[in-house]
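Presented below is the structure to which this report refers.
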Amino acid sequence: MVTNITSFGRSGLSDWLMQRVSAVILALYTVFVVAYLLFNPNLDYYAWSGLFEQTWMRIFSLLAFVSIAAHAWIGLWTVTTDYLKSTRLRVGAQTLIILAIFVYLVWGIQILWGA
């Protein structure tokens, strides 16, 4: 029996809600970036860099990074608990997934807020 210890939230409902909220945030971020690219056809490095120097865009991007991490963890936790029946294999896979998501998140924050 799989326990709730390794899930992201306290219940299936909170995981489901987090998955939906993160999907909406990611959709909004994607629509914004695509629209920005479409409405700025002569975009150069300085304009793109200027967009990401604005605090609101950094916060929006950080929210998108955290949403990707949460969305990926919930989805991959569900897949691993459904298809990996060996506890050792499942915990090993989930540990690798957590590490990869953590590295991605820290790296993204470093790129976004770094000097």
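Looking at region 71-112 only, could you name the residues that are not in a helix (DSSP H, G or I) and not polar (S, T, N, Q)? Spell out how you get there, then give the answer.
Our first condition is that a residue be not in a helix (DSSP H, G or I); within region 71-112, this holds for 84-86.
Across region 71-112, the qualifying residues are Leu84, Lys85.
Being of a type in the set (S, T, N, Q) and farther than 30 Å from Thr81 by Cβ is the filter here; which residues of region 9-43 pass it?
Within region 9-43, the subset of a type in the set (S, T, N, Q) is 11, 14, 19, 22, 30, 40, 42.
Selection gives Asn40, Asn42.
Can you tell me how many residues within region 24-55 are touching a Leu at 6+ places or on another chain (Cβ under 8 Å), free of Cβ contacts under 8 Å to residues at least 60 places away in the same chain and of a type in the set (Phe, Trp, Tyr)?
At the first step, the residues of region 24-55 found to be touching a Leu at 6+ places or on another chain (Cβ under 8 Å) are 25, 29, 36-37, 43, 52.
Now drop any that are not free of Cβ contacts under 8 Å to residues at least 60 places away in the same chain, which leaves 25, 29, 36-37, 43.
Applying the additional criterion that residues be of a type in the set (Phe, Trp, Tyr) yields 29, 36.
Counting residues in region 24-55 that are touching a Leu at 6+ places or on another chain (Cβ under 8 Å), free of Cβ contacts under 8 Å to residues at least 60 places away in the same chain and of a type in the set (Phe, Trp, Tyr) gives 2.
Looking at region 22-35, is at least one residue within 15 Å of Ile101 (Cβ to Cβ) and part of a helix (DSSP H, G or I)? Quick ask: steps written out before the conclusion?
Residues of region 22-35 that are within 15 Å of Ile101 (Cβ to Cβ), as a first pass: 22, 26.
If we keep only those that are part of a helix (DSSP H, G or I) as well, we get 22, 26.
Yes, because at least one residue in region 22-35 is within 15 Å of Ile101 (Cβ to Cβ) and part of a helix (DSSP H, G or I).
Mind listing whichever residues of region 56-94 are more than 23 Å from Leu13 (Cα to Cα), among the polar types (S, T, N, Q) and without any contact (Cβ under 8 Å) to a residue 24 or more places away in the chain?
Once the filter is applied, which keeps residues that are more than 23 Å from Leu13 (Cα to Cα), among the polar types (S, T, N, Q) and without any contact (Cβ under 8 Å) to a residue 24 or more places away in the chain, region 56-94 yields Ser86, Thr87.
Does at least one position in region 27-47 carry a residue that is over 13 Å from the mean Cα position of the chain (by Cα), small (Gly, Ala, Ser), modelled with pLDDT under 95 and loosely packed, with under 11 Cβ neighbours inside 10 Å?
Among the residues of region 27-47, not one is over 13 Å from the mean Cα position of the chain (by Cα), small (Gly, Ala, Ser), modelled with pLDDT under 95 and loosely packed, with under 11 Cβ neighbours inside 10 Å, which makes the answer no.
Somewhere in region 95-107, is a residue closer than 23 Å to Gln19 by Cα, surrounded by 15 or more Cβ atoms within 10 Å (Cβ to Cβ) and of a type outside the set (A, V, I, L, M)?
Taking region 95-107 and keeping what is closer than 23 Å to Gln19 by Cα, we get 95-107.
Retained after the next criterion (residues that are surrounded by 15 or more Cβ atoms within 10 Å (Cβ to Cβ)): 97-98, 101, 105.
Those left that are additionally of a type outside the set (A, V, I, L, M): none.
No, region 95-107 contains no residue that is closer than 23 Å to Gln19 by Cα, surrounded by 15 or more Cβ atoms within 10 Å (Cβ to Cβ) and of a type outside the set (A, V, I, L, M).
The values are calculated or read from the model by the stated rules, or taken from the named source; none is laboratory data. As the structure is a prediction and not an experimental result, all values here were calculated from the model. Ideal geometry is used to build each Cβ from the backbone, glycine not excepted, and the neighbour counts take in all protein chains shown.
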